[in-house]
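Asks: What follows is a structure written as C-alpha cells; I'll ask about it next.
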Amino acid sequence: MKQLIWILLFGKMILLTESPVNLGANEWFSLDLKKPIQAINGGATIFIQVPIDDPRIVQIKGSDDIFKDLSTIFPKKTIEARLENSHGEILLFNNFKFSVSDFSLSKEESVRIKLTTDKSVPTNLKFESIAIKSVQPINNAKIFWKNYSQ
C-alpha cells in the first residue's frame, strides 16, 4: 500500500534535456543533471524521443509494421545509457524497446526508444549524471526519465 501511495504522489516522466540534443554516432553524450534522479521502484526507464522529422521516421510513415521497421533502423544493442552517482556507481541501460503513441507518426512524441536495465533499478541511489551512446546519430532528440522520482 505504501508503494502505491508513493506512485500516486510522485509518479511522472521528467524531461532531462532542456532543449533537443544531438546523439553522435558511437560518441557518448554526457549530461550533468540539475537535480539528481532517484527511483521509487525498480522499473525506472530512460526514453529517447526521436523527432518525427528524422528522415528515417519520415520514411516509415504509413508502414504496416512500424515496430519491425524501427527494429531495422535501430537494431538491438546499438543504443545504451549510463546513470552515474557521486560515488562513481554506474547503472547500465542497454536493453530497449520502442514506444509508439501515434501510428500515423504525426505527433512530436510519436516515437520513443525505451531503455531498460538487466536488473532492477536500485531505489537507494541518487544519480547525478547520464551518458548515452548510439551507433547511429539521432539529432534533435529529447531525453526523459520515467519512474517515480522524488
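The values are calculated or read from the model by the stated rules, or taken from the named source; none is laboratory data. Since the structure is predicted, the reported quantities are computational estimates derived from the model, not experimental observations. Note that each Cβ is placed from the backbone with ideal geometry, even for glycine, and that neighbours are counted across all protein chains shown.
Asks: Restricting to segment 127-150, and then to whatever is touching a Gly at 6+ places or on another chain (Cβ under 8 Å) and at pLDDT below 90, can you tell me which residue is surrounded by the most Cβ atoms within 10 Å (Cβ to Cβ)?
Replies: Of everything passing the filter in segment 127-150, ASN147 is surrounded by the most Cβ atoms within 10 Å (Cβ to Cβ).
Asks: Return the total of residues in segment 75-84 being in a loop (DSSP other than H, G, I, E, B) and in contact with a Ser or Thr (Cβ under 8 Å, 6 or more places away or on another chain).
Replies: Final tally of qualifying residues: 1.
Asks: For segment 51-88, give me each residue that is closer than 20 Å to LYS146 by Cα and of a type in the set (Asp, Glu).
Replies: Of everything in segment 51-88, those that are closer than 20 Å to LYS146 by Cα and of a type in the set (Asp, Glu) turn out to be GLU80, GLU84.
Asks: Could you tell me whether any residue of segment 115-126 is at pLDDT below 95, out of contact with any Asp or Glu (no Cβ under 9 Å at 6 or more places or on another chain), of a type in the set (A, V, I, L, M) and farther than 19 Å from THR17 by Cα?
Replies: Yes, there is a match, as at least one residue in segment 115-126 is at pLDDT below 95, out of contact with any Asp or Glu (no Cβ under 9 Å at 6 or more places or on another chain), of a type in the set (A, V, I, L, M) and farther than 19 Å from THR17 by Cα.
Asks: Which ones in segment 56-73 are out of contact with any Leu (no Cβ under 7 Å at 6 or more places or on another chain) and under 19 Å from LEU115 (Cα atoms)?
Replies: ILE66, PHE67, LYS68, ASP69, LEU70, SER71, THR72, ILE73
Asks: OK, next. Test ASN124 against the criterion of being exposed (fewer than 13 other Cβ atoms within 10 Å of the Cβ), over 14 Å from the mean Cα position of the chain (by Cα) and of a type outside the set (Val, Ile, Thr), and give yes or no.
Replies: yes
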